[in-house]
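What follows is a short report on a single structure.
The values are calculated or read from the model by the stated rules, or taken from the named source; none is laboratory data. Since this is a predicted model, take the numbers as computed values, not measurements. Glycine gets a Cβ as well: all are built from the backbone with ideal geometry, and neighbour counts include every protein chain shown. Please note that ligands, DNA and RNA were not included when accessible areas were found on the heavy atoms of the full protein model with its side chains. Shrake-Rupley method; radii C 1.70, N 1.55, O 1.52, S 1.80 Å.
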Amino acid sequence: MPTVYVNDQQIEFGVDERINCVQAAQRVDVEIPHYCWHPALSVVASCRMCLVEVGQKKPDGSVAMQPKLIPGCQTPVTDGMVIVSDSDKVKAAQQATLEYLLLNHPLDCPTCDQAGECYLQDYSYRYGRGYSRLAENKLLKPDKDYIGEQITLFTDRCIMCTRCVRFTREVSGTAELQVVGRGAREEIDIFPGQPCDNKLAGNVVDLCPVGALCSKDFLYKQRVWWLKTETSVCPNCSTGCSINVDQNDDRVYRLRPRGNPLAQGHFMCDEGRFGWKYLHSDSRLTTPEQRQGGKVVSRDWDVILPAVREALVAAGRDKKKGIAAVLSPWMTLEEAYLLASYLKSLSSNVSFALGPVRTVGEDDKYPKDVYGRPMEPVKFTIRAEKCPNCRGIEGVLRHFAGSVVPMGDVLGRAASGDFAAVYLVGGDPEGWITDAQAAALEKVDTVVVQDILPSPASARATFLLPGGSFAERDGTIVNHAGLAQEIHRAIRSPGEAKPDGRILWDLAGRRGLFNPASLRKEMGETIQGFGPLRIGKLGEYGVRLEM
Amino acid sequence: MPEFHPVLLARIDKPDSTSLAGYQADGGYAALKKALAMSADDVQKMVKDSGLRGRGGAGFSAGAKWSFLPKNHLGPIYLAVNADESEPGTFNNRILMEEDPHQLLEGIAITCHAIRSHTAYIYLRYEYGRSYRVLDAAIRECYASGILGKNILGTGFNLDVYLHRGAGAYICGEETGLIESLEGKRAWPRIKPPYPAIEGLFRRPTIVNNVETLCCVTHIIQRGVEWFKSIGVPPDPNNKRDVGSYGPKLYCISGHVNKPCCVELPLGVTARELIDTHGGGVWKGRKAKAVVPGGISMGFLSASELDTPLDFEGPGRAGCLGLGTAAVVVIDDHTSMVDVLYNCCRFMAHESCGQCTPCREGTDWSTRILDRIRHGKGRLEDIDLLLEVANSMGIIPGTTICGLADGAAWPVKNALTKFRGEFEEYIRAGRRSVKPADELMAAH
Ligand SMILES: Cc1cc2nc3c(=O)[nH]c(=O)nc-3n(C[C@H](O)[C@H](O)[C@H](O)COP(=O)(O)O)c2cc1C
Ligand code: SF4
Ligand code: SF4
Ligand code: SF4
Ligand code: FES
């Protein structure tokens with residue numbers, strides 16, 4: 001195996017692997033500080049933060065070092081290469097670069113959103129000189145709140161790494177951002193009247209290594225050190241971007257993409273990024289309710305669940321009528337599996353349907369050219385299918401019902417009085433059932449609705465079970481390409497609402513606490529194509545199912 | 001030494017120096033005919049054997065550069081003619097283009113044949129309006145008489161030459177900045193590798209050569225390798241890396257001399273001879289304090305270094321960056337080096353493209369430190385600070401993408417080491433070049 005040496009540590013890499021010095025060093029946890037380089041963007045090697053010394057190990061063991069400093073980001077490693085990132089020469093270059101970057105910087109960390117997760121702070125602390133020798137006035141540059149609907153630029157914090165510019169040129173293709181001016185007077189800007197409002201625009205805020213580009217939505221809402229982070233998956237479309245959910249005190253403050261080579265790559269779209277506001281909506285369902293003789297009464301969970309169970313058991317005994325369930329593409333695999341297996345245990349006459357799969361337009365592919373046409377190679381797709389787990393729920397349905405039928409079929413049969421009980425699960429914050437459709441439930445004795453927001457169905461529910469949003473649940477969802485990823489509970493549900501997995505676990509009378517990993521094992525053993533779930537914990541990137 | 005007769009400038013004073021007829025009457029385009037009758041490889045070999053080194057600033061062997069092109073490439077291969085001439089003090093390309101455009105066009109055509117290119121772009125400094133008009137007319141004449149276009153001179157060789165007016169920045173002359181600018185983008189120099197010979201204009205193999213370099217090609221083909229090598233300075237046997245400085249060179253003399261001019265002389269003439277014999281001596285009967293050997297980015301020679309031969313190696317031996325563009329700027333002994341250095345730094349700060357942190361910030365900071373000194377607010381430690389800034393932006397190799405930062409650092413280094421006493425005295429005595437009245441004006 002080809003080998004490189006980073007500060008005397010040995011690293012092996014694949015024969016066909018093309019990695020640079022920064023990446024090689026990362027493998028042995030050596031940090032070569034860098035700003036302009038980003039794995040998803042072209043290499044410009046302009047910030048000069050990553051300067052290192054390199055040399056070559058000769059067969060006799062001696063090392064010949066090059067006299068010149070080289071940017072580690074621009075230099076691919078080759079067999080026998082020696083990389084030194086902690087020599088006096090390198091340290092002096094790092095100090096010089098950081099002193100330059102901070103020359104005109106306002107040092108307004110106390111009021112900067114990035115403080116606490118800022119590479120200027122971190123690198124200055126680790127590699128900087130501690131003080132500036134500037135005896136002149138700092139250059140002042142005007143802030144630009146017009147950069148985008150969601151983005152504002154604190155111009156004098158910018159270190160001109162051009163990550164943001166390259167993102168709009170190379171990934172979104174929309175090219176709104178550019179550098180204007182020259183030398184130390186240059187600034188990031190837009191063409192007048194053409195703000196950076198593309199559907200991937202929010203990513204430039206994450207890409208910005210400093211507090212120059214900030215999200216207007218998040219601005220001044222929280223100090224980042226108060227935030228607690230849970231890994232999750234964006235539920236807004238079937239791309240299934242891996243994300244981090246940042247919350248404090250049971251309030252979500254922002255979503256950030258979490259790099260995943262098996263899923264979307266490094267980014268996420270703005271629909272997903274800002275599409276979580278319903279989590280804290282005032283109309284969230286917060287109390288379990290039961291309708292009795294036309295009256296709606298609030299119930300405790302330990303009262304309502306036995307009542308639901310009783311009604312379902314009774315329906316299961318009905319000789320003429322069956323039970324139906326509508327499984328939502330917003331459910332996790334665990335929830336769908338719990339509900340389906342439970343109902344199956346009550347009756348041999350259970351019908352299943354897939355809840356509405358909302359689609360909007362066509363798959364939206366990036367980068368785009370100046371006419372808005374997608375270009376090859378596609379680097380990001382916002383999918384038309386606006387739900388997270390269609391493929392996964394289809395897999396569960398095929399296992400329990402043999403085929404996948406749409407909700408309309410079940411509602412049609414409900415209208416003709418086929419069912420003694422119907423169990424409907426919602427989850428789509430944009431709504432999933434119309435009044436006319438819900439009218440079909442008129443003939444059903446027991447209507448159980450489990451959802452997060454009111455709907456025409458909840459208005460007719462015999463039992464209304466308030467569930468959890470994606471940020472409140474643990475479980476597994478499967479994206480368009482069959483990648484199964486875990487979502488995790490980041491916040492508690494409002495009021496009495498409860499994560500759906502727990503509701504169903506208790507309803508099914510399982511013992512102990514809701515345990516997604518054990519359910520994954522169970523599904524992996526029993527459901528066709530779900531084999532990889534047997535490992536229980538799916539890891540950072542998830543596992544690909546054989547579907 | 002046999003008397004030297006100008007070759008490149010031989011025709012510039014003729015009344016009809018710019019027309020095709022005039023050029024042909026003096027034997028013009030015979031070299032092209034000769035070259036087209038030779039194989040491309042043979043033309044390349046002649047240029048390589050001649051030892052011709054680039055006249056644009058870096059002094060890199062032209063033949064060696066051409067040989068970096070990929071072999072058996074299916075094309076297109078491009079020639080980009082660097083006519084951006086923006087190094088302060090430099091005006092030789094301009095004279096060549098304004099006074100003898102066909103000499104350049106002939107060199108372009110020969111070079112394209114040698115490098116198997118069928119398309120050449122002349123990247124012309126925007127401010128050179130007259131050069132544009134003269135070259136444009138000359139190109140039209142060539143197309144009309146079968147010297148450019150399809151089937152040149154009946155040989156089956158095709159060549160198109162495009163004249164492109166530059167984007168008005170010094171950095172557009174850096175070869176990869178030039179390429180970016182030709183592609184319609186900001187002239188932000190590219191990282192290398194890949195070098196332009198492998199991946200240049202429109203991601204195709206590209207050779208970038210200076211106007212004067214290409215004019216020399218014409219004469220090498222016409223007069224032969226021996227002729228070219230009979231002019232100039234052979235390699236120093238004690239310096240293995242010296243490949244010699246052959247051929248004629250245009251020296252631009254400006255600054256505090258009686259007779260600013262551009263003269264053609266064998267490489268290796270000394271700064272003193274240029275000033276005294278050709279520049280008419282330092283003006284007002286004064287003495288030279290410092291001399292720029294080849295454009296301000298090469299740094300300064302001190303008065304005691306005026307016998308330095310201005311060949312490709314001489315200025316380096318005297319601590320300068322190199323011969324550069326051989327633009328000699330004379331600074332008399334009434335001038336403050338603080339002001340001179342401030343002016344150099346201000347230029348570089350204005351022209352830094354802004355990509356690389358050390359260049360972007362270093363050029364600007366050094367300018368502002370010097371500005372402070374010129375306002376009488378200097379501190380002795382500023383001298384070492386300036387040297388440290390110069391080191392980190394340009395003297396230590398590898399800290400930036402292109403050579404501008406080196407060129408910004410060298411004047412600082414030379415001025416502060418060769419004239420350190422003057423800076424110290426200026427600061428100690430509390431001198432100021434910017435008078436309060438100026439400050440008042442500036443405030444308005
Ligand atoms: C900042 C900068 C500016 C330059 N400007 C010019 C220029 O105006 N004209 C030029 O011929 N070369 C210029 N050069 C040198 C070119 O990069 C390149 O070396 C040259 O055009 C190659 O041609 P030659 O080999 O024929 O000299 C410049 C280099 C730098 C670093
Ligand atoms: S705004 Fe941020 S990402 Fe853009 S160039 Fe400046 S520092 Fe880099
Ligand atoms: S592309 Fe889809 S999954 Fe990714 S962030 Fe947008 S909505 Fe969410
Ligand atoms: S050295 Fe200066 S001019 Fe050259 S690319 Fe870097 S910033 Fe631009
Ligand atoms: S990270 Fe390598 S130069 Fe910027």
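Per this entry, A:TYR100 is counted among residues that are within 9 Å of chain B (Cβ to nearest Cβ) and not polar (S, T, N, Q).
The residues of the range B:271-300 that are surrounded by 18 or more Cβ atoms within 10 Å (Cβ to Cβ), more than 15 Å from B:SER254 (Cβ to Cβ) and in contact with a strand residue (DSSP E or B) (Cβ under 7 Å, 6 or more places away or on another chain) amount to a single one, B:LYS289.
Residue by residue, here is whether (1) closer than 21 Å to A:CYS196 by Cβ; (2) more than 10 Å from the chain's Cα centre (by Cα) holds:
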site: A:CYS214; (1), (2): yes, yes
site: A:ARG223; (1), (2): no, yes
site: A:LYS228; (1), (2): no, yes
site: A:VAL233; (1), (2): no, no
site: A:CYS237; (1), (2): no, yes
site: A:GLN247; (1), (2): no, yes
site: A:ASP250; (1), (2): no, yes
site: A:ARG254; (1), (2): yes, yes
site: A:GLY265; (1), (2): yes, yes
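Among the residues making up the range B:387-422, those that are in contact with a Gly (Cβ under 8 Å, 6 or more places away or on another chain) and farther than 30 Å from B:CYS172 by Cβ are B:THR417, B:LYS418.
I'd like to know if the range A:254-261 contains one or more residues that are farther than 25 Å from A:ARG284 by Cβ, at pLDDT 95 or above and within 16 Å of ligand 2 (Cβ to nearest atom). Within the range A:254-261, one or more residues are farther than 25 Å from A:ARG284 by Cβ, at pLDDT 95 or above and within 16 Å of ligand 2 (Cβ to nearest atom). Scanning the range B:397-411 for residues that are under 24 Å from A:GLU187 (Cα atoms), open to solvent by 20 Å² or more (accessible area, probe 1.4 Å) and not in a loop (DSSP other than H, G, I, E, B) turns up at least one hit. So is B:SER352 within 14 Å of chain A (Cβ to nearest Cβ), more than 16 Å from ligand 1 (Cβ to nearest atom), within 28 Å of B:CYS172 (Cα to Cα) and touching a helix residue (DSSP H, G or I) at 6+ places or on another chain (Cβ under 6 Å) or not? Against the criterion (within 14 Å of chain A (Cβ to nearest Cβ), more than 16 Å from ligand 1 (Cβ to nearest atom), within 28 Å of B:CYS172 (Cα to Cα) and touching a helix residue (DSSP H, G or I) at 6+ places or on another chain (Cβ under 6 Å)), B:SER352 does not qualify.
The residue that is nearest to A:VAL224 (Cα to Cα), counting only those in the range A:76-97 that are open to solvent by less than 60 Å² (accessible area, probe 1.4 Å) and within 10 Å of another protein chain (Cβ to nearest Cβ), is A:THR97. Just one of the listed residues (A:ALA93, A:ALA45, A:ALA40) is within 16 Å of ligand 3 (Cβ to nearest atom) and modelled with pLDDT of 95 or more, and it is A:ALA40. Does any residue of the range A:370-392 turn out to be more than 16 Å from ligand 4 (Cβ to nearest atom), within 14 Å of chain B (Cβ to nearest Cβ) and among the β-branched types (Val, Ile, Thr)? For the range A:370-392, residues more than 16 Å from ligand 4 (Cβ to nearest atom), within 14 Å of chain B (Cβ to nearest Cβ) and among the β-branched types (Val, Ile, Thr): present. When the criteria are applied in full, B:GLY319 fails the requirement of being under 28 Å from A:PRO71 (Cβ atoms), facing chain A (nearest Cβ under 9 Å), in contact with a strand residue (DSSP E or B) (Cβ under 9 Å, 6 or more places away or on another chain) and not hydrophobic (A, V, I, L, M, F, W, C). Taking the range A:12-41 as the range and being more than 24 Å from A:CYS118 (Cβ to Cβ) and in contact (Cβ under 8 Å) with a residue 24 or more places away in the chain as the test, the residues that pass are A:PHE13, A:ARG18, A:ILE19, A:ALA24.
For the structure I just gave you, tell me whether A:ARG534 is part of a helix (DSSP H, G or I), crowded, with 18+ Cβ neighbours inside 10 Å and modelled with pLDDT of 95 or more. The answer is no for A:ARG534. Scanning the range A:1-42 for residues that are among the hydroxyl-bearing types (Ser, Thr, Tyr) and away from ligand 2 (no atom under 16 Å from the Cβ) returns A:THR3, A:TYR5.
Of the helices (runs of 4 or more DSSP H) contained entirely in the range B:83-182, those carrying at least 3 residues that are among the basic types (Lys, Arg) fall at B:129-144. Looking only at the range B:361-376, residues that are more than 8 Å from every other protein chain (Cβ to nearest Cβ) and either surrounded by 23 or more Cβ atoms within 10 Å (Cβ to Cβ) or among the basic types (Lys, Arg) (or both) come to 5 in all.
The set of residues in the range A:359-373 that are out of contact with any Gly (no Cβ under 7 Å at 6 or more places or on another chain) and buried (at least 17 other Cβ atoms within 10 Å of the Cβ) comprises A:ASP364, A:LYS365.
The range A:102-191 holds strands (runs of 3 or more DSSP E) entirely within its bounds, and those carrying 3 or more residues that are open to solvent by less than 50 Å² (accessible area, probe 1.4 Å), touching a residue at least 24 places away in the same chain (Cβ under 8 Å) and touching a Gly at 6+ places or on another chain (Cβ under 9 Å) map to A:187-190. B:VAL389 satisfies every condition listed in (1) under 28 Å from A:MET49 (Cα atoms); (2) within 11 Å of another protein chain (Cβ to nearest Cβ); (3) open to solvent by 10 Å² or more (accessible area, probe 1.4 Å) except (3). The sole residue among B:GLU351, B:GLU381 that is more than 16 Å from ligand 5 (Cβ to nearest atom), of a type in the set (Asp, Glu) and open to solvent by 40 Å² or more (accessible area, probe 1.4 Å) is B:GLU381. Only residues that are more than 11 Å from ligand 4 (Cβ to nearest atom) and polar (S, T, N, Q) were counted across the range B:348-406, and they come to 4.
Taking the listed residues A:ALA461, A:ALA484, the one that is open to solvent by less than 10 Å² (accessible area, probe 1.4 Å), touching a residue at least 24 places away in the same chain (Cβ under 8 Å) and within 19 Å of A:TRP301 (Cα to Cα) is A:ALA461, with no other qualifying.
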